[in-house]
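Attaching a single structure in structure tokens format; questions to follow.
The values are calculated or read from the model by the stated rules, or taken from the named source; none is laboratory data. What you are looking at is a predicted structure, and each value in this text was computed from that prediction instead of being measured. Reconstructed Cβ throughout: ideal geometry from the backbone, glycine too, with neighbour counts over all protein chains shown. Note: areas computed on protein heavy atoms with side chains; ligands, DNA, RNA excluded. Shrake-Rupley method; radii C 1.70, N 1.55, O 1.52, S 1.80 Å.
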Amino acid sequence: MNDTIHIENETLVAYIYDEVDAPEKARVARHLQQCATCGAEYAALTGVRTVLQAWAPPHAGLGFTVVPRTEAEQSARVLRPAPWWNTVPVWAQAVAAILVLAVSAAVANIQVRSGADGFAVTTGWMSQSASARERTSELPRDPADLSAGASAKAEAAIGREGGAAATRAPVATASVTGAEDWKAALVSLEQQLRNEIRTSRSADAVVRTSSRPSADEATIRRVQELLAASEARQERQLALRLTQFNRDVNVQRQADLVRIQQLFGHSEGEISKQRQMLNYVMRASAPQQ
Amino acid sequence: MNWDFGPFPTFGGGPESNRIASKFDTFRMVATDEELVAKSMAGDLESFNQLVLRWERPIYALAYRVLGRDEDARDVAQETFLRAFRALPGFKGQAKFSSWLYRIALNLCRDWIRRKKRTPVVDMPEGVDIAELAAEQGPVESIEDLVARQEMSRIVAEGMKLLPEEQRTAIVLKEYHGLTFQEIAELQGCPLSTVKTRLYQGLSVLRKHLESQGMTSLNSGRAS
């Protein structure tokens, strides 16, 4: 390495930051003494480093502290596994939805009829018996009227359908007796349901009355436990903050003491300088003898 | 707990680390980062808060010098410790805790710069009372020196703003945090030689900027 071959930039940087091994360091130092160009470069970069030290960030009061979250926040933010339905493919969900709708429609006995009055949608099993009742009310009560009405309806049916009148009248008769049976069965079912509901209500009231005190005690105990836990947590936080405050006060006190001492030292120095200056002025202004 | 009054564990030997170290040396009961990390991982929140107290200033200073804004630096510092706290169970201890923190902070700074898509602008702290600053500095520095230093600080901050993010980060980590070339290379994910090149180029740009601001004493005869 001589004056014409300068130090590589990376080597110079490593030398500036003192991250070179001993032989390399000696070699670079020798070259810097001999080569004015590299010496000036080294001096300039070192000067930049000196100036860089003037840049200080603002004195920010930070005081970050990690505090534990409350139980409510923890339960609210805790990660849970995905719901099972999110793992089922979409097509399977759609099929399941259609099946559910179909079964629901079957259970609800949805019927759509179209007639001269337009479309009619009926649901539920009770409506069918009600329509049966309506049909029954439309039929004459008198057996004579019944047969007449039946034959009239049969004739009407023949007019529309033709050939089916022979079977229509017995069906109408059977529907009348079936409706009467339905009515009796419904009345008895209603009575039975009322009895069962009454029985279950009284039993439920007994159970509730007997279990209420223990449930209240458990709730009170739980509230007391929560209160105790909350108090303990608050005490811990208070102790932590007091410790922190105490520490900060001590640090600040020490810093203040040092500053006061420095100020005193500075004042004494200034006074001494001023005294010397006064003495000098007095000596200078004194009449020459 | 380490009671042998050993030296304060620092990351490199930068002024930020040393300032904190001297503060802690006064107490003479210093738990190492590793000890505090182990306790924190066991659920001791106070230990983690001690780590926060120890490293908040260097992390804030790093973020401030990289981003150039006080508020953003505070946000980054706070987010750094939050992320560290959340990720602590996954901290294997293969790197130093401080290296890990620096990495989180630098990633956050990088994300911030990308998200904002703007060059960091250095805001000088507003409303600084020179007399108050002089009182803080003590009698060793006169008002004139203080004003000159502030002016120089402003010029340096402007110069840093001219540097690409990689060069600026390398200079900040080296100059103010005392990291080694190897540590910077690991943090920046680049070869050692690249770190040296970034430092050289960054210092050269700063030198030209300082010279343009009338600091002629930095002139040299070698073309960079």
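Can you tell which of B:E79, B:E56 is farther than 20 Å from B:L179 by Cα and modelled with pLDDT of 90 or more?
Selected residue: B:E79, the only one of B:E79, B:E56 that is farther than 20 Å from B:L179 by Cα and modelled with pLDDT of 90 or more.
List every residue pair whose Cβ atoms lie under 8 Å apart, where the two residues are 6 or more positions apart in sequence or sit on different chains, the first residue falls within segment B:191-217 and is within 7 Å of chain A (Cβ to nearest Cβ), and the second residue, located anywhere, is assigned to a helix (DSSP H, G or I) and basic (K, R).
Between residues of segment B:191-217 that are within 7 Å of chain A (Cβ to nearest Cβ) and residues that are assigned to a helix (DSSP H, G or I) and basic (K, R), the close pairs are B:L199/B:K174; B:L203/A:R49.
Condition first: of a type outside the set (S, T, Y) and more than 8 Å from every other protein chain (Cβ to nearest Cβ). Now tell me which residues in segment B:156-171 satisfy that.
Listed by number, the residues that qualify are B:E158, B:G159, B:K161, B:L162, B:L163, B:P164, B:E165, B:E166, B:Q167, B:R168, B:A170.
Another question about this same structure. Provide a single number: the residues in segment B:58-72 that are more than 7 Å from chain A (Cβ to nearest Cβ), within 8 Å of the chain's Cα centre (by Cα) and not β-branched (V, I, T).
3
Here's a follow-up. What tally of residues in segment B:75-97 results from selecting those that are open to solvent by 80 Å² or more (accessible area, probe 1.4 Å) and outside any loop (DSSP other than H, G, I, E, B)?
So the answer is 5.
Could you list, in sequence order, all residues of segment A:17-57 that are within 18 Å of B:T169 (Cα to Cα), open to solvent by less than 30 Å² (accessible area, probe 1.4 Å) and not hydroxyl-bearing (S, T, Y)?
Answer for segment A:17-57, where residues must be within 18 Å of B:T169 (Cα to Cα), open to solvent by less than 30 Å² (accessible area, probe 1.4 Å) and not hydroxyl-bearing (S, T, Y): A:L45, A:V48, A:V51, A:L52, A:A54, A:W55, A:P57.
For the subset of segment A:1-59 comprising residues that are part of a loop (DSSP other than H, G, I, E, B) and aliphatic (A, V, I, L, M), which member is farthest from the other protein chains (Cβ to nearest Cβ)?
Within segment A:1-59, the match that is farthest from the other protein chains (Cβ to nearest Cβ) is A:M1.
Would you check which residues across segment B:191-217 are within 20 Å of A:Y15 (Cα to Cα) and assigned to a loop (DSSP other than H, G, I, E, B) and list them?
Residue satisfying the conditions is B:P191 alone.
Condition first: touching a residue at least 60 places away in the same chain (Cβ under 8 Å), among the hydrophobic types (A, V, I, L, M, F, W, C) and touching a helix residue (DSSP H, G or I) at 6+ places or on another chain (Cβ under 7 Å). Can you find one or more residues in segment B:64-75 that meet it?
yes
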